[in-house]
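Where a number appears in this text, it was derived from the coordinates with a stated rule and is not lab data. Since the model is a prediction, treat every value here as computed from it, not as a measurement. Because the Cβ atoms are built from the backbone with ideal geometry, glycine has one as well, and the counts that use them run over all protein chains shown.
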Amino acid sequence: MFFRFSWKWSILLAFIFLAGCSTTEFTINRDNPWNKYIVGPLSDFLDLLANLMFEQYGLALLVITIIVRLIILPLTLKQYRSSKQMQLLQPELKKIREKFSSDPKKQQEETMKLFQKSGVNPLSGCFPLLVQMPVLFALYYSILGNPNIRTHDFLWMQLGSPDPIYLLPVLAAVTTFIQQKMMQSQMPNNMQILLIIFPVLILVMSLQFPSALVLYWVYSNLFTIVQTYFLYKPSLRGDPAK
């Protein structure tokens with residue numbers, strides 16, 4: 001159960017790290033392997049997409065979001081199947097906890113045996129995050145290093161600067177809350193506080209991020225909300241899990 005929700009704290013740590021980074025513009029030095037193979041190509045790809053999207057980098061970010069989410073879709077489906085299997089294993093896990101309540105080590109051993117026997121990987125929920133985290137870091141530095149993105153106006157905002165009217169950070173927080181609310185039934189009681197804490201922290205940190213990065217987060221949340229609806233719609237409607 002811990003692994004299924006630790007991704008929230010992991011991605012929050014990524015946001016905290018980025019919040020502590022300098023927002024000063026810089027030139028992408030492609031002698032650095034990270035810039036040469038990740039940041040630089042992503043920056044170039046955003047330029048290419050923007051040229052195809054009527055010079056709109058906001059739309060280019062939408063395309064990037066869709067591409068990334070489609071790439072990790074097989075991992076997300078695997079995570080979904082693992083989640084359903086974990087639900088089926090709950091009675092057995094409860095028996096193990098009760099039987100070995102005084103022996104945590106034995107409890108852990110029996111739990112892992114049950115996972116192996118059932119073919120369940122408790123770490124599967126972390127895999128989509130492992131793909132998205134490098135994108136967040138690369139996108140952050142692509143924005144700061146690409147003057148075309150940094151100075152581009154999209155709707156009411158300049159993509160290289162924080163949202164001047166704070167609407168985008170609010171959208172980031174609201175979509176984060178909705179995304180979590182849809183999965184509330186999957187959360188243990190001791191994790192319910194995340195429904196409030198995580199959106200509030202996202203709101204506070206988004207106030208200082210470049211709008212392009214927050215826009216990517218909002219796009220990603222919207223994609224997840226739609227995806228979650230179609231994957232979990234029987235349980236979201238209150239119907240029995242199928």
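In the range 54-94, which chymotrypsin sites (Phe, Trp or Tyr not before Pro) fall in coil by DSSP and have 10 or fewer other Cβ atoms within 10 Å?
Details: sites: PHE54, TYR57, TYR80; in loops: PHE54.
Counting only loop positions with at most 10 other Cβ atoms within 10 Å, the chymotrypsin sites (Phe, Trp or Tyr not before Pro) in the range 54-94 are PHE54.
Quick one: net charge of SER142's neighbours, Cβ under 11 Å, K/R +1, D/E -1? Mind showing how you got there, number by number?
Details: positive: ARG150; negative: ASP44, ASP47.
Combined, the nearby Lys, Arg, Asp and Glu give -1.
Using the beta-carbon distance between LEU59 and VAL204 and R0 = 30 Å, what value does 1/(1 + (r/R0)^6) give for FRET efficiency, to the nearest 0.05?
On the way: r = 28 Å, r/R0 = 0.92.
With R0 = 30 Å, the Cβ-Cβ based efficiency is 0.60.
Apply the Karplus curve 6.51 cos²θ - 1.76 cosθ + 1.60, θ = phi - 60°, to the phi angles in the range 218-228 and return the couplings in whole Hz, x for Gly and Pro.
So the Karplus estimates, Gly and Pro as x, are 5, 4, 5, 4, 4, 4, 5, 4, 5, 4, 5 Hz.
Could you work out how far apart the two model spin labels at PHE45 and TRP156 are, taking each label as a point 7 Å from the Cα in the direction of the beta carbon, and quote it in nm?
3.1
Work out the FRET efficiency for GLN85 and TYR229 from their Cβ-Cβ distance, taking R0 = 25 Å, and round it to the nearest 0.05.
Numbers: r = 21 Å, r/R0 = 0.84.
The computed FRET efficiency comes out at 0.75.
Amide H neighbours of ASP163 under 5 Å, counting only residues 5+ apart in sequence or on other chains, H built in-plane at 1.01 Å?
SER211
Rounded to the nearest 0.05, what FRET efficiency do ARG97 and LEU70 give with R0 = 30 Å and r taken as the Cβ-Cβ distance? Could you check? Show your work: numbers first, answer last.
Working: r = 38 Å, r/R0 = 1.27.
For R0 = 30 Å, the calculated efficiency reads 0.20.
Applying the Karplus parametrisation 6.51 cos²θ - 1.76 cosθ + 1.60 with θ = phi - 60° to the phi angles of the range 39-56, what ³J(HN,Hα) value in whole Hz is obtained for each residue in order, glycine and proline being reported as x?
Coupling constants for the range 39-56: 5, x, x, 5, 4, 5, 5, 5, 4, 4, 5, 5, 4, 7, 10, 6, 6, 9 Hz.
Could you list TRP217, TRP156 in order of exposure, starting from the residue whose Cβ has the fewest other Cβ atoms within 10 Å? Provide the component values of the computation, followed by the final result.
On the way: TRP217 27, TRP156 11.
Placing the least packed residue first, the sequence is TRP156, TRP217.
Filter the cross-link list LYS78/LYS105; LYS78/LYS117; LYS99/LYS181; LYS117/LYS181 down to pairs whose alpha-carbon distance in this structure exceeds 24 Å. Mind dumping the intermediate values first?
Values: LYS78/LYS105 28 Å; LYS78/LYS117 17 Å; LYS99/LYS181 33 Å; LYS117/LYS181 32 Å.
Beyond 24 Å: LYS78/LYS105; LYS99/LYS181; LYS117/LYS181.
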